[in-house]
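Written below as structure tokens is the structure these notes are about.
The values are calculated or read from the model by the stated rules, or taken from the named source; none is laboratory data. Remember, it's a predicted structure, so these values are computed and weren't measured experimentally. Note that we place each Cβ from the backbone using ideal geometry, even for glycine, and neighbour counts take in every protein chain shown.
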Amino acid sequence: MAVNVFELERVSFSYRGVTALDDVSLTVPTGRRLALLGANGCGKSTLLRILAALYFPDSGSVRYHGAPLTEAEFEHDSFSHAFRKRVGLVFQNPDVQLFCPTVFDEVAFGPLQLGWPKERIRQTVNEALDYFEIADLRERAPHRLSGGEKKRVALASVLIMDPEVILLDEPTAALDPRSQSQIVALMKSWESLGKTLVIATHDLHLLTEIADDCLVLDKGRIAGRGTPAEILADESMLLRANLIRPAC
Ligand SMILES: Nc1ncnc2c1ncn2[C@@H]1O[C@H](COP(=O)(O)OP(=O)(O)OP(=O)(O)O)[C@@H](O)[C@H]1O
Ligand SMILES: [Mg+2]
């Protein structure tokens with residue numbers, strides 16, 4: 001297995017003139033948990049979408065397990081299916097992710113696409129619904145749920161596929177304390193399972209539990225990288241990147 005799941009070299013990306021990522025180079029080592037930190041609008045979600053190959057850089061390159069990850073690769077169905085199965089993204093805003101008529105269908109969607117046997121789908125979906133405490137919502141329309149309920153459905157629908165690489169965009173935002181603890185426990189368990197995790201978060205107090213490494217973005221550029229302890233100790237960098245408030 002390659003040492004790095006992803007290697008980005010000098011990646012820049014703009015939305016019609018709005019620069020979101022500017023000359024970003026980074027590696028995501030296999031089996032490690034990387035936290036993406038930074039103020040609103042610094043480019044965390046954009047970076048996750050690049051890793052998920054939903055967007056492709058305007059300039060610079062992305063490698064996945066050592067091979068170039070370009071739009072051309074996704075013209076081959078076999079590559080596209082394998083990548084989408086192995087790399088799962090839970091969006092910051094669940095509304096862009098949820099589209100099925102019921103919660104059960106939403107969580108079953110991925111397994112159905114992969115052609116799992118019916119009985120396995122039923123059993124695994126029920127387990128996921130129980131785990132995320134959304135079993136009583138199974139017949140409800142996902143777009144009519146509360147923000148936290150939607151988030152749990154979105155998490156269940158991605159995690160049921162057991163991806164090797166899990167990209168989480170603010171997974172604990174909008175969740176109540178018990179749901180937050182569950183997600184934190186999951187993120188901790190992924191360490192021993194060898195999963196690769198990239199997580200955008202504003203929750204600095206969770207860093208030491210959920211991440212091995214942190215990357216700080218500031219206006220689309222990398223402002224720092226280090227272990228949670230190193231990043232949390234660098235007060236001036238945290239202030240510059242608008243991650244903490246100045247003392248009154
Ligand atoms: N669809 C879009 N169209 C135009 N500009 C966008 C779009 N999405 C994001 N941007 C801009 O790109 C930049 C990076 O946004 P991004 O969503 O990646 O930031 P973020 O770090 O995830 O922020 P947050 O903490 O608020 O979620 C911002 O300047 C934002 O306004
Ligand atoms: Mg974001």
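Of all the residues in segment 209-218, those that are in a helix (DSSP H, G or I) and either closer than 18 Å to VAL87 by Cβ or within 15 Å of the chain's Cα centre (by Cα) (or both) number 1. Restrict the check to segment 164-175 and report whether at least one residue is more than 16 Å from ligand 2 (Cβ to nearest atom) and of a type in the set (Ser, Thr, Tyr). No, there is no match, as no residue in segment 164-175 is more than 16 Å from ligand 2 (Cβ to nearest atom) and of a type in the set (Ser, Thr, Tyr). Considering only residues in segment 12-34 that are over 30 Å from LEU193 (Cβ atoms) and buried (at least 21 other Cβ atoms within 10 Å of the Cβ), the one that is nearest to ligand 2 (Cβ to nearest atom) turns out to be ALA20. Considering ILE160, ILE166, the condition of being β-branched (Val, Ile, Thr) and touching a strand residue (DSSP E or B) at 6+ places or on another chain (Cβ under 8 Å) is satisfied by ILE166 alone.
Give segment 219-248 a look and list any residue that's surrounded by fewer than 19 Cβ atoms within 10 Å (Cβ to Cβ) and assigned to a helix (DSSP H, G or I), or say none. Those that are surrounded by fewer than 19 Cβ atoms within 10 Å (Cβ to Cβ) and assigned to a helix (DSSP H, G or I): ALA229, GLU230, LEU232, ALA233, GLU235, SER236, MET237, LEU239, ARG240. Residues satisfying the criterion are absent from segment 71-81 (criterion: within 17 Å of the chain's Cα centre (by Cα) and surrounded by 15 or more Cβ atoms within 10 Å (Cβ to Cβ)).
Taking the condition of a type in the set (A, V, I, L, M, F, W, C), in contact (Cβ under 8 Å) with a residue 40 or more places away in the chain and assigned to a loop (DSSP other than H, G, I, E, B), does MET161 pass?
Spelling it out, MET161 is indeed of a type in the set (A, V, I, L, M, F, W, C), in contact (Cβ under 8 Å) with a residue 40 or more places away in the chain and assigned to a loop (DSSP other than H, G, I, E, B).
If you check GLU149 against the conditions, is it surrounded by 14 or more Cβ atoms within 10 Å (Cβ to Cβ), among the acidic types (Asp, Glu) and without any contact (Cβ under 8 Å) to a residue 24 or more places away in the chain? Here the answer is yes, as GLU149 does meet what is asked. In the set LEU206, LEU186, only one residue is more than 12 Å from ligand 1 (Cβ to nearest atom), at pLDDT 90 or above and either assigned to a helix (DSSP H, G or I) or over 15 Å from ARG33 (Cα atoms) (or both); that residue is LEU206. Of the residues making up segment 184-206, one or more are of a type in the set (Ser, Thr, Tyr), within 21 Å of ARG86 (Cα to Cα) and surrounded by 19 or more Cβ atoms within 10 Å (Cβ to Cβ).
Scanning for something surrounded by fewer than 16 Cβ atoms within 10 Å (Cβ to Cβ), within 14 Å of ligand 2 (Cβ to nearest atom) and at positive phi, does segment 35-56 turn up at least one residue? Yes, that holds for at least one residue.
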